[in-house]
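The values are calculated or read from the model by the stated rules, or taken from the named source; none is laboratory data. All figures in this text were calculated on a predicted structure; none of them were measured in a lab. In this analysis, Cβ positions are derived from the backbone assuming ideal geometry, glycine residues included, and neighbour counts consider all displayed protein chains. Protein only, heavy atoms only, side chains kept; ligands, DNA and RNA dropped before computing areas. Shrake-Rupley method; radii C 1.70, N 1.55, O 1.52, S 1.80 Å.
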Amino acid sequence: HSPFTRGKDSSMVDNVIAVRDIRKAFAGVQALDGITLEIAPGEIHCLAGENGSGKSTLIKVISGVHSPDSGTIEMNGKTFSHLNPSEAIANGVQVIYQDFSVFPNLSVMENLALNAEVAAGRTFINWRRMRATAKAAIAKIDFDIDLDAKVGTLSVAQKQLVAISRALMSDARLIIMDEPTTALTKREVDALFKIILDLKARGIATLFVSHKLEEVFEISERFTIIRNGESVITCLPEDLDHKKFSYYMTGREFDDARFTPELVVQEPVLEVSNLGVDGAFADVNLTLCPGEILGITGLLGSGRTELALSLFGALPADTGQIRLDGKPVTLASIRSAIAHGIGYVPEDRLTEGLFLERSIGSNIIISEIDTFVSKVGVFDKAKADAAAADWVKELRIATPNPENAVSTLSGGNQQRIVLAKWLATKPKVLILNGPTVGVDIGSKHDIHRILRELAAEGLAVIIISDDIPEVIQNCNRVMVMNAGRIVAEVDPAVTTDSELAQLMSKDSASLNGKG
């Protein structure tokens, strides 16, 4: 739980905001159906719900983007039937969206100071004044950054801090953070939480929108869970455990049993000996048998992604050997890896794994498109459509029509399409890098279930992830990478989350007995 005293008995009369009985429909579809939410000054309040639950619509009602069909919004002693964005900002509401709404081609200083310049109606730029404005903004959260750096060159965490600094320039009373930790490492999440606690101490409330259970239980003082546009429960963290939280979010009961391989074929399908890529990782040794799910974990920069890319032929090894089914192979390209039966689900499905504007069916069959082309070069669309439909059914991809664009789907369904694309190639080894990043609880459980079923059918699976509960729960072995080396191998059945976190954070020298 959070390291501060929760305001369990404090009065909620002086709410920073209260939305009451908010309803909103789009083209006959009820997005919000009687939502009520109250947030006190300085409160850290979690808004949780699956994709499509109405979280984003509610945020847009509070920030003035959408007008509700009915209900009221109370702020600063006033009651509104609806807000426009200017009114929301004037009443202290700031939203930090997942993309942070920063301008990548502008400097940190310009991102921070331009709003103030425009709001003041100034027509001439005073660079000295802008620099002073930007310095004051980053000082509010003790953020050390080069003001002249282009925002596009910053890390995800740094972009987020720019967005937070900008939000605090407008006398914010409520900061809404929409999935703020999706692309952050554990260390960056800890830094973000320190800032949220500092905001709390200054009386600034945070509406923390997330579906990551460990994080919401750590930082939140109260939860509001919504499902299908309706309020399900508002309560204190001590009133729920993880299982109840998942149930209220999804309406489904989940089995939390750890993965145990049903049948492991003892002959390894993949053997890696002393594998290395200069500047990325070195001396990696591992074996993987059909039916296993091997976890590879480590902090950002540990070499885990580079190892995945090397096994997929995208970053060919400089040293060492890879054997598949006992035979030495050279994976010099992605094409050669695919030809040898290796599939790879990338970390960033939106830019690396999918053609977002193409149809669901096209994305699924793209990796095996040659099989639908006759010897004379005629594409068999009926056969391809049937194959895509089979995968939609097999992986329970929620779509009324496989001809719809992939961009119309939720993150969980998009991830299932990437899975389907590689499963269609009938791989021997499937490597998944961050398989459930950015997906909601229900989809996360479904993806894990699919991976367990694939292992039971004899597929050899590698999950690369820094989500500790994910690898503990779904792998029968876990290898820890640090500074480009495998520094430990653990049995998740007898390893706790905290023990694995400690192994991930230790330096490789001490783990190898050298320090």
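Kindly provide log₁₀ I(q)/I(0) values, in the same order as q = 0.16, 0.17 Å⁻¹, from the Debye equation applied to equal alpha-carbon scatterers of the range 333-477.
-0.85, -0.96
What share of Cα pairs, in percent, lie more than 22 angstrom apart in the range 262-344?
21
Percentage of Cα-Cα pair distances in the range 366-438 greater than 17 Å, rounded to whole percent?
Tail fraction, whole percent: 49.
Could you pull out the trypsin sites (Lys or Arg not before Pro) across the range 414-515 that fall in loop regions by DSSP (anything but H, G, I, E, B) with no more than 12 other Cβ atoms inside 10 Å?
On the way: sites: ARG416, LYS421, LYS428, LYS444, ARG449, ARG452, ARG477, ARG485, LYS506, LYS514; in loops: LYS428, LYS506, LYS514.
Here the sparse-neighbourhood loop sites are LYS514.
Send over the Kirkwood Rh of the range 253-297, from the inverse of the averaged 1/r over different Cα pairs, rounded to one decimal Å. Don't skip to the end; give the middle numbers.
Values: mean 1/r = 0.0776 Å⁻¹.
Evaluated over the range 253-297, this radius sits at 12.9 Å.
Taking a probe of 1.4 angstrom, what is the accessible area of LEU161 in Å², to the nearest 10?
40
Under a crude label model (7 Å from the Cα following the beta-carbon direction), how far is GLU499 from GLU453 in nanometres?
3.2
Could you work out how far the C-alpha centroid of the range 27-105 sits from that of the range 202-254, in angstrom?
17
So if a site counts as exposed when it's one of the GluC sites (Glu not before Pro), its DSSP state isn't H, G, I, E or B, and it has at most 14 other Cβ atoms within 10 Å, what's the longest stretch of the chain without one?
Of all site-free stretches, the longest is 1-252.
Using the heavy atoms of the protein chains alone and a 1.4 angstrom probe, what is the accessible area of the chain per residue in square angstrom?
Counting only protein heavy atoms, the per-residue value for the chain is 45 Å².
Based on the Cα coordinates of the range 243-388, what is the per residue volume of their convex hull in Å³?
Numbers: hull volume 29.3 nm³, N = 146.
That works out to 201 Å³ per residue.
So which trypsin sites (Lys or Arg not before Pro) in the range 35-122 end up in coil per DSSP with only 15 or fewer other C-beta atoms within 10 Å?
Details: sites: LYS55, LYS60, LYS78, ARG122; in loops: ARG122.
The qualifying sites are ARG122.
Between SER86 and VAL265, what FRET efficiency comes out of the Förster formula 1/(1 + (r/R0)^6) with R0 = 60 Å and r the beta carbon distance, rounded to 0.05?
FRET efficiency, VAL265 to SER86: 0.40.
Compute, for ASP256, the solvent-accessible surface of its heavy atoms (probe 1.4 Å) with the complete set of protein chains present, and express it in square angstrom to the nearest 10.
Approximately 90 Å² of ASP256 is accessible to the 1.4 Å probe.
Strictly greater than 15 Å: what percent of every Cα pair in the range 228-267 meets that?
Numbers: 450 of 780 pairs.
That tail contains 58 percent of the Cα-Cα pairs.
What share of all Cα pairs of the chain, in percent, falls into each consecutive 10 Å distance bin?
Taking every Cα pair in the chain, the percentages come to 4, 17, 25, 25, 18, 9, 2, 0.
Given a 1.4 Å probe and every protein chain left where it sits, what share in percent of the accessible area of the chain is carbon and sulfur?
51
Take VAL494, VAL19, VAL95 and sort them by solvent-accessible surface of the protein heavy atoms, 1.4 Å probe, largest at the top.
Numbers: VAL494 110, VAL19 0, VAL95 30 Å².
Per-residue accessible area, sorted high to low, gives VAL494, VAL95, VAL19.
Hey, how many Å between the Cα centroid of the range 401-479 and the Cα centroid of the range 139-194?
Computed from Cα coordinates, the inter-centre distance equals 30 Å.
Could you state the per residue volume, in Å³, of the convex hull enclosing the Cα atoms of the range 84-208?
Considering the Cα atoms of the range 84-208, their hull volume per residue is 106 Å³.
State whether the range 29-77 is rounded, prolate or oblate according to the following rule on the C-alpha gyration tensor (a ≥ b ≥ c being the square roots of its eigenvalues): a/c under 1.5 gives rounded; otherwise a/b larger than b/c gives prolate, and the remaining case gives oblate.
oblate
What are the extents of the Cα atoms of the range 410-493 along their three principal axes, listed from largest to smallest and rounded to whole Å?
34, 27, 25
Work out, in µm²/s and without decimals, the Stokes-Einstein translational diffusion coefficient of the range 41-141 at 4 °C, 1.567 mPa s, Rh from Kirkwood over C-alpha pairs.
80
Tell me the label-point distance for the pair VAL378, ARG128, using the 7 Å Cα-to-Cβ offset, in nm and rounded to one decimal.
Result: 7.8 nm between the two label points.
Only bridges with both residues in the chain count here: give the DSSP antiparallel percent, nearest 5.
Values: 41 of 75 bridges.
Bridges in the chain are about 55 percent antiparallel.
Using a Cα-Cα cut-off of under 24 Å, which lysines could be cross-linked to LYS200, ignoring same-chain neighbours fewer than 8 residues away?
LYS8, LYS55, LYS60, LYS78, LYS135, LYS140, LYS159, LYS186, LYS212
To two decimal places, what compactness ratio does the range 444-497 give when its Cα radius of gyration is scaled by 2.2 N^0.38 Å? Display every interim value, and only then the final one.
Details: Rg = 11.8 Å, N = 54, 2.2 N^0.38 = 10.0 Å.
Compactness ratio reported: 1.18.
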